[in-house]
Amino acid sequence: MRGFRPMRERALLSGAGVTLDGNQHTRLTVFAAIMPDPGEEDFRMKEPVGFPIGFVSLRTGLSVHVLRAWERRYRAVTPKRSAGGRRLYTQSDIDRLVLLKRVIQKGQSISHIAGLGQAELHRMAVADSGAPASAGTRPQPVSGIPARGCTEMVDACLEAVVRLNGGALRRILQQAAIGFSRQAMLETVVRPLAEAVGRGWSEGSMRIVHGHLVATVIHEQLVAMLNHSNGDTTGQPCVLITTPTGQHCYLGALAAAVTVQDHGWAPVFLGANLPVEEIAAARSILDPQLLALSITCRVDDTFMHDQLDQLSTLLNGHCPLVIGGRASNYYRRSIETAGAEVCLTAAELVTFLE
């Protein structure tokens with residue numbers, strides 16, 4: 001992509017503590033929202049580089065001490081390591097740890113089962129439970145989620161939305177959080193649900209109240225996902241995330257925060273509808289390696305163009321700025337005039353982060 005690498009190099013220099021030339025033009029990168037409008041180009045999000053140990057502890061119910069001991073003494077799983085030495089677990093690691101825990105609860109010891117393969121662990125886990133355990137049986141998901149596709153899960157969510165049953169909607173999303181990786185949940189459940197409700201509202205089959213319920217529950221789920229981090233952000237590059245004045249929709253920004261967290265960045269989410277002067281002030285206080293904004297609605301084109309120009313002046317080249325959201329493409333000319341690089345998929349955001 002033309003001009004993409006210099007921006008990435010500036011971000012890395014900023015992260016290393018190198019002062020950027022104040023006369024440099026602020027670079028802006030535009031990427032699509034995590035949950036774009038129906039009809040936008042489809043994409044497939046890359047899996048995150050790994051899950052931190054605190055998140056794995058919450059997902060498996062195993063303490064951080066136990067996870068470390070099982071790795072050090074028994075090699076039950078061998079997580080990858082980040083450049084800073086932090087453990088990064090895959091979804092397969094998490095599934096294996098859950099299986100190990102289930103087998104231990106049946107009376108086995110970790111020293112005897114740590115070296116077993118997945119098929120044997122599954123056979124032992126389902127033994128005496130009434131489930132078939134023949135060698136040809138395909139292991140079922142350890143989460144206990146019914147064997148139904150993502151489409152059926154989204155349909156169940158929509159049924160709960162139509163009935164304004166927030167409790168049922170929360171339970172289904174919690175099931176999805178257990179059964180899928182975070183990025184897979186965003187792409188295959190949360191995003192299609194938000195799109196379907198948006199279509200329902202535009203077609204007249206759903207009311208504003210349905211959209212409010214979905215937004216509230218998705219907000220809760222995304223915040224919970226962010227809070228699953230172990231809180232240790234030492235050595236992680238910081239990204240400040242918000243929406244500018246007039247932009248009250250922030251779910252895409254929250255989803256982006258989850259994505260950057262999964263890829264080793266420390267997100268600081270400052271809510272929605274923040275004046276550019278406050279965004280610039282937060283930049284000076286936090287000194288992030290990246291500033292990310294979400295623009296999802298066209299409220300006043302002249303005002304938004306002025307906002308972008310003003311923010312570019314206030315930042316004065318000191319921090320790379322990325323702007324996402326389904327309405328950001330309307331301001332392409334203004335952004336390109338400011339030296340913008342346009343990225344239309346969330347996958348390109350992930351490429352930038354890596």
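The values are calculated or read from the model by the stated rules, or taken from the named source; none is laboratory data. None of the values given here were measured: they were computed from a predicted structure. Cβ sites come from the backbone with ideal geometry, for glycine too, and all protein chains shown count toward neighbours. SASA here: full protein model, heavy atoms, side chains in, ligands and nucleic acids out. Shrake-Rupley method; radii C 1.70, N 1.55, O 1.52, S 1.80 Å.
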(message) Take the conditions at pLDDT below 90, surrounded by 18 or more Cβ atoms within 10 Å (Cβ to Cβ) and either among the small types (Gly, Ala, Ser) or not in a helix (DSSP H, G or I) (or both) and apply them to Ala125. Does it pass?
(response) yes
(request) Filter the range 262-273 down to residues that are more than 19 Å from Ser284 (Cβ to Cβ) and open to solvent by less than 30 Å² (accessible area, probe 1.4 Å) and give me whichever is nearest to the chain's Cα centre (by Cα). (result) Asp262
(message) Testing Gly61 on (1) surrounded by 12 or more Cβ atoms within 10 Å (Cβ to Cβ); (2) within 21 Å of Ile178 (Cβ to Cβ); (3) touching a residue at least 12 places away in the same chain (Cβ under 8 Å), one condition comes back false. Which one is that?
(response) (1)
(message) Among the numbered criteria (1) farther than 20 Å from Gly54 by Cα; (2) outside any loop (DSSP other than H, G, I, E, B); (3) free of Cβ contacts under 8 Å to residues at least 24 places away in the same chain, which one does Gly107 miss?
(response) (2)
(message) For the range 175-261, give me every one of the helices (runs of 4 or more DSSP H) that falls completely inside it and has 1 or more residues that are within 16 Å of the chain's Cα centre (by Cα) and in contact (Cβ under 8 Å) with a residue 60 or more places away in the chain.
(response) 182-185, 191-203
(request) Select from the range 286-317 the residues that are open to solvent by 80 Å² or more (accessible area, probe 1.4 Å) and either in contact with a Cys (Cβ under 9 Å, 6 or more places away or on another chain) or among the polar types (S, T, N, Q) (or both) and list them in ascending order. (result) Asp287, Thr302, Thr313
(request) Return only the number of the condition from (1) under 30 Å from Ile53 (Cβ atoms); (2) at pLDDT 85 or above that Thr245 does not satisfy. (result) (1)
(request) Give the residue, chosen from Glu152, Glu159, that is at pLDDT below 90 and either open to solvent by 30 Å² or more (accessible area, probe 1.4 Å) or within 22 Å of Leu293 (Cβ to Cβ) (or both). (result) Glu152
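Any idea which of Arg298, Arg326 is outside any strand (DSSP E or B), within 21 Å of the chain's Cα centre (by Cα) and not acidic (Asp, Glu)?
Arg326
Could you list, in sequence order, all residues of the range 274-285 that are in a helix (DSSP H, G or I), of a type outside the set (Val, Ile, Thr) and either open to solvent by 40 Å² or more (accessible area, probe 1.4 Å) or under 14 Å from Ser312 (Cα atoms) (or both)?
Glu277, Glu278, Ala280, Ala281, Arg283, Ser284
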(request) Considering only the range 189-202, state which residues are modelled with pLDDT of 85 or more and out of contact with any Gly (no Cβ under 7 Å at 6 or more places or on another chain). (result) Val189, Val190, Arg191, Pro192, Leu193, Ala194, Glu195, Ala196, Gly198, Arg199, Gly200
(message) Looking at Ala347, Ala340 in this structure, which one is surrounded by fewer than 22 Cβ atoms within 10 Å (Cβ to Cβ) and modelled with pLDDT under 80?
(response) Ala347
(request) Just give me the residues in the range 35-71 being of a type in the set (A, V, I, L, M), part of a loop (DSSP other than H, G, I, E, B) and at pLDDT below 80, in sequence order. (result) Met35, Met45, Val49
(request) Output the residue which, of all residues in the range 72-100 that are part of a loop (DSSP other than H, G, I, E, B), small (Gly, Ala, Ser) and modelled with pLDDT under 90, is surrounded by the most Cβ atoms within 10 Å (Cβ to Cβ). (result) Ser82
(message) Cβ contacts < 9 Å: first residue among the β-branched types (Val, Ile, Thr), restricted to the range 87-101; second residue in a strand (DSSP E or B) and surrounded by fewer than 19 Cβ atoms within 10 Å (Cβ to Cβ), any location; separation 6+ or different chain. Result?
(response) Thr90/Lys80
